[in-house]
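Engineer: I am attaching a structure below and will ask some questions about it afterwards.
The values are calculated or read from the model by the stated rules, or taken from the named source; none is laboratory data. Since we're looking at a predicted model, the values are computed, not measured. All Cβ positions, even for glycine, are placed from backbone atoms using ideal geometry, and neighbour counts span all protein chains on display.
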Amino acid sequence: MQIERELMRGAGPVAVLKLLEGGPKYGYELVEALSRESDGLLKMGQSTLYPMLYNLEAQGIVKAKKAEAENGRVRKYYSLTAKGKRRLAKDTKQWQTVAAAMSALGVLPHTVQPALEGGAG
């Protein structure tokens, strides 16, 4: 199952920020992690990811730094800024609210609701 473009437009940035919460990552690493961690549902190509990262960088939400990888190649690593951490917290809360509303409507299983009330995410 592929996520529709409009849903991905909203989910993509918060998913990327959540991955960066775990520490700096380079572009291809983010592409792989998005696919792996979401069982392929949030699969995103580099042609989608890089413009998103540039936009987030322009907003001061992520910062980029070139560094040498273990294999000796120079890569551009992205990390969250303080503003990015605040944005992630805000977006996470909003997604939890949307998920709770969708659960109440019966769109999501009601098992999602207790997890959201417990502060999951």
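Engineer: Could you please give the count of residues in region 84-107 that are of a type in the set (A, V, I, L, M), surrounded by fewer than 17 Cβ atoms within 10 Å (Cβ to Cβ) and in a helix (DSSP H, G or I)?
Structural biologist: The total comes to 6.
Engineer: Ok, one more. Quickly run through region 71-95 and pick out the residues that are of a type in the set (S, T, N, Q) and free of Cβ contacts under 8 Å to residues at least 24 places away in the same chain.
Structural biologist: Hits for region 71-95 are ASN71, THR81, GLN94.
Engineer: Could you please find all residues in region 9-46 being touching a strand residue (DSSP E or B) at 6+ places or on another chain (Cβ under 9 Å) and under 19 Å from LYS93 (Cα atoms)?
Structural biologist: VAL16, LEU17, LEU19, LEU20, GLU21
Engineer: Where residues in region 76-102 are basic (Lys, Arg) and at pLDDT 95 or above, which of them is nearest to TYR54 (Cα to Cα)?
Structural biologist: This residue is LYS76.
Engineer: Further, regarding this structure: Pick from MET52, MET44: which is in contact (Cβ under 8 Å) with a residue 12 or more places away in the chain, under 12 Å from the mean Cα position of the chain (by Cα) and in a helix (DSSP H, G or I)?
Structural biologist: It is MET52.
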